[in-house]
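Engineer: One structure, pasted below without further comment.
The values are calculated or read from the model by the stated rules, or taken from the named source; none is laboratory data. Since this is a predicted model, take the numbers as computed values, not measurements. Reconstructed Cβ throughout: ideal geometry from the backbone, glycine too, with neighbour counts over all protein chains shown. Note: accessible area is taken over every heavy atom of the protein model, side chains too, but ligands, DNA and RNA are not part of it. Shrake-Rupley method; radii C 1.70, N 1.55, O 1.52, S 1.80 Å.
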Amino acid sequence: MTCLSELMLEGLPGHPLQALAKADQLWHQYRSGPTPQPPVIQVSPDRLSQVDWDVIIAGGTLGLLLAVALVQRGWRVALVERGQLRGRDQEWNISRRELETLVQLGILHQAELEQAIYSEYNPGRIQFLGSDPIWVRDVLNVGVSPAVLLDQLKTTFLAAGGYLLEQTPFTAATIHPNGVQVQARPPLSARLLVDAMGHTSPMVRQARAGQKPDGICLVVGTCATGFEPNTSGDLLVSFTPLRHQCQYFWEAFPARDGRTTYLFTYLDADPRRLTLSQLFEDYWQLLPDYQGVALADLKIKRALFGCFPCYRQSPLRYPWGRTLAVGDSSGQQSPLSFGGFGAMVRHLHRLTSGIDEALTWDCLGSRALGQLQAYQPNLAVTWLFQRAMGAGVDQVIADQHINTLLGAIFSDMAGLGPGTLTPFLQDIVQFPALTRVLLTTAVNHPGLIAQIIPQVGLDTLVKWLGHYGSLASYSGLASLTTPLTSVDQILPPLGRYYLHRWIDALRYGSGQDYHRSHG
Ligand SMILES: Cc1cc2nc3c(=O)[nH]c(=O)nc-3n(C[C@H](O)[C@H](O)[C@H](O)COP(=O)(O)OP(=O)(O)OC[C@H]3O[C@@H](n4cnc5c(N)ncnc54)[C@H](O)[C@@H]3O)c2cc1C
């Protein structure tokens, strides 16, 4: 029987049906558990006779942002990309204030930034079946063209003296006491190897030892024309009860060449879970109801899909010295939004100055570099929310439970004002705002809070309370760090390096970096 995806996607450029089958294979591997992989990182006690570069970055999507920032600070940077350095056509959504960090950091001019912005919409809706809509403005409403952005950054990188090797896959590396030797054609050596190869990075696979992801987000969607004119967007909408033991969420917004619509769901990697292709069939069946459009009226520009794994032990710290994961490989993006571009932009200043100091003071051991991917309680607390937005394969919960729960919590959050809701929607969880929401929801809906315990499990809740406690202490300590920055000059370089990382960990781990980038 011909499926709807075949009817709708057949003949589109880029062979999306084949790419979908490949993405489904990856999802199958996650569900079926660890498969042995040959190690790609070896450690040698011998010194290298010569080290050519300060930094080699493997992977040139988000890796390029860091490459430009480092080369502009005077470091010798080589970028190794297995394909062509080219961003995808589909926009990344982000908020404008966050994006301006790229101009503040000096890696883009304002005019270049405006060129890369392909779309901007307002307002954005949040709504769950059975609840009233909530409208917000200026949240994740700017669409950036990855193709334009990467093209501009590539020019800047090369002009500043960066060395780019395209069509050059990273296959293996050996870590020596004074540098890393990367196997590539030609072979390259550097003081530091940065892994920006995304969540399928071979280095990640080795470090995580084939561990099964703790959570997954499946996303399917399209960019298409044929919709009624609509200049508003949806940030998080659900209009169905549980289906295949999944709560379906939708996102929609105007894009440069049509309207983008995504269907996504949070689940575990149980072997009985639905495939991406099955989710796509549900997307076609539900899209007409969601957007009030007939499939026959749509002209599909491109298909969009992905399978995002996430691990509780994130951000990832490599056990070897001279190696650092950034972007999706590091798992520093939120398990809720999977907005890896947004997360990289948010952390770019911290990563650039941290790597700069690590290179200057030769703090390149695994412990020192691990401080650049420190524990973030504000990331850890979002695990509970992800768990509360999905259902276990065998779990018995009311079909409408997740919609009712989210409807209540979001309406309480909205009632507390944009200062509470807006940062949360941008992946910033702060202790005072979270506490206000918890207290308000406990008072307004005590029954609902009680139902969360059996839904997420006591074990998850107890662990979560630990992270919540850490968030409280990080928040308290972060506000005390300002005087420390003025006395750090009396410390030796190593002490300064650790102090700066500790301050960063407290600020970013408590969400206090948000105030800096949002004025
Ligand atoms: C449908 C969809 C919609 C999304 N929307 C948004 C959004 O609106 N906002 C947002 O912030 N994020 C969004 N994301 C997430 C965002 O695209 C990712 O977080 C981002 O692409 C991660 O970049 P990365 O460089 O870390 O990894 P990747 O994008 O996976 O890039 C890895 C790079 O490394 C290269 N590479 C891989 N292996 C090797 C190797 N062995 N040797 C050399 N190079 C290698 C690859 O060719 C690639 O260039 C979306 C993702 C999807 C799938």
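Engineer: Just to verify a result, which residue in the range 53-74, among those that are surrounded by fewer than 22 Cβ atoms within 10 Å (Cβ to Cβ) and farther than 23 Å from residue 201 by Cα, is farthest from the ligand (Cβ to nearest atom)?
Structural biologist: Only one residue fits best here, namely 74.
Engineer: Additional query: So, residue 468, is that one of a type in the set (Phe, Trp, Tyr) and touching a Leu at 6+ places or on another chain (Cβ under 9 Å) or not?
Structural biologist: For residue 468, the condition - of a type in the set (Phe, Trp, Tyr) and touching a Leu at 6+ places or on another chain (Cβ under 9 Å) - is met.
Engineer: For residue 339, are the conditions met, namely being of a type outside the set (Lys, Arg), within 12 Å of the ligand (Cβ to nearest atom) and either at pLDDT 95 or above or open to solvent by 20 Å² or more (accessible area, probe 1.4 Å) (or both)?
Structural biologist: So residue 339 passes the test.
Engineer: Does residue 26 satisfy being surrounded by fewer than 20 Cβ atoms within 10 Å (Cβ to Cβ) and closer than 26 Å to residue 332 by Cα?
Structural biologist: yes
Engineer: Next question, about the same structure. For residues that are of a type in the set (Asp, Glu) and open to solvent by less than 40 Å² (accessible area, probe 1.4 Å), tally how many sit in the range 112-129.
Structural biologist: So the count comes out to 0.
Engineer: I'm trying to understand the selection: among the residues of the range 101-112, which are under 21 Å from residue 354 (Cβ atoms), free of Cβ contacts under 8 Å to residues at least 24 places away in the same chain and not in a helix (DSSP H, G or I)?
Structural biologist: Within the range 101-112, no residue meets the criteria.
Engineer: Kindly establish whether residue 465 is hydrophobic (A, V, I, L, M, F, W, C) and open to solvent by less than 70 Å² (accessible area, probe 1.4 Å).
Structural biologist: Criteria not met by residue 465.
Engineer: Determine, yes or no, whether residue 108 is within 18 Å of residue 195 (Cβ to Cβ), touching a helix residue (DSSP H, G or I) at 6+ places or on another chain (Cβ under 6 Å), open to solvent by less than 70 Å² (accessible area, probe 1.4 Å) and not β-branched (Val, Ile, Thr).
Structural biologist: No, not satisfied.
Engineer: Moving on. Looking only at residues that are in a loop (DSSP other than H, G, I, E, B) and of a type outside the set (Val, Ile, Thr) in the range 266-277, which one is most open to solvent (accessible area, probe 1.4 Å)?
Structural biologist: Ranking the qualifying residues of the range 266-277, first place goes to 272.
Engineer: Output the number of residues of the range 1-59 satisfying the condition of being on the phi > 0 side of the Ramachandran plot, modelled with pLDDT under 95 and under 23 Å from the mean Cα position of the chain (by Cα).
Structural biologist: Summing the residues that are on the phi > 0 side of the Ramachandran plot, modelled with pLDDT under 95 and under 23 Å from the mean Cα position of the chain (by Cα) in the range 1-59 gives 1.
Engineer: Still on this structure, I have one more. Could you tell me which of the residues 369, 295, 359, 364 is open to solvent by 20 Å² or more (accessible area, probe 1.4 Å), over 17 Å from the mean Cα position of the chain (by Cα) and among the hydrophobic types (A, V, I, L, M, F, W, C)?
Structural biologist: 295
Engineer: Turning to a different aspect of this structure: Could you list, ordered by first residue, the pairs with Cβ atoms under 6 Å in which the first is in the range 234-246 and under 14 Å from residue 407 (Cβ atoms) and the second is open to solvent by 20 Å² or more (accessible area, probe 1.4 Å), at least 6 apart or interchain?
Structural biologist: Close Cβ pairs satisfying both conditions: 237/127; 238/129; 239/129; 241/399; 241/400.
Engineer: Residue pairs, Cβ under 6 Å, 6 or more apart or interchain, first in the range 372-387 and more than 15 Å from residue 435 (Cβ to Cβ) and crowded, with 19+ Cβ neighbours inside 10 Å, second among the polar types (S, T, N, Q) and modelled with pLDDT of 90 or more. List them.
Structural biologist: Pairs found: 373/330.
Engineer: Residues that are acidic (Asp, Glu): which strands (runs of 3 or more DSSP E) entirely in the range 1-97 hold 1 or more of them?
Structural biologist: Ranges flagged: 53-58.
Engineer: Still on this structure, I have one more. Being more than 26 Å from residue 75 (Cα to Cα), in the same structural domain as residue 66 (by TED's automatic domain parsing) and under 22 Å from the mean Cα position of the chain (by Cα): is that true of residue 120 here?
Structural biologist: yes
Engineer: Also: Would you be able to tell me the number of residues in the range 283-333 that are within 16 Å of the ligand (Cβ to nearest atom) and either out of contact with any helix residue (DSSP H, G or I) (no Cβ under 8 Å at 6 or more places or on another chain) or not aliphatic (A, V, I, L, M) (or both)?
Structural biologist: Final tally of qualifying residues: 22.
Engineer: Looking at the range 78-122 only, could you name the residues that are within 13 Å of the ligand (Cβ to nearest atom) and of a type in the set (D, E, K, R)?
Structural biologist: 81, 82, 86, 88, 89, 91, 98
Engineer: What are the pairs with Cβ atoms under 6 angstrom where one residue, in the range 186-212, is of a type in the set (S, T, N, Q) and the other, located anywhere, is modelled with pLDDT of 95 or more and away from the ligand (no atom under 15 Å from the Cβ)? Sequence gap at least six, or different chains.
Structural biologist: 189/48; 189/51; 189/52; 189/179; 189/181
Engineer: Return a yes/no flag: does the range 278-300 have any residue that is in contact (Cβ under 8 Å) with a residue 12 or more places away in the chain, outside any helix (DSSP H, G or I), within 26 Å of residue 383 (Cβ to Cβ) and out of contact with any Cys (no Cβ under 6 Å at 6 or more places or on another chain).
Structural biologist: no
Engineer: Does any residue of the range 331-338 turn out to be assigned to a loop (DSSP other than H, G, I, E, B), within 24 Å of residue 42 (Cβ to Cβ) and over 14 Å from the mean Cα position of the chain (by Cα)?
Structural biologist: no
To keep it simple, each residue is scored yes or no on (1) surrounded by 14 or more Cβ atoms within 10 Å (Cβ to Cβ); (2) touching a Phe, Trp or Tyr at 6+ places or on another chain (Cβ under 6 Å); (3) without any contact (Cβ under 8 Å) to a residue 60 or more places away in the chain; (4) part of a helix (DSSP H, G or I).
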| site | (1), (2), (3), (4) |
| --- | --- |
| 447 | no, no, yes, yes |
| 451 | yes, no, yes, yes |
| 485 | no, no, yes, yes |
| 488 | no, no, yes, yes |
| 496 | yes, no, no, yes |
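Engineer: What number of residues in the range 176-196 are assigned to a strand (DSSP E or B) and either within 15 Å of the ligand (Cβ to nearest atom) or open to solvent by 10 Å² or more (accessible area, probe 1.4 Å) (or both)?
Structural biologist: Final tally of qualifying residues: 11.
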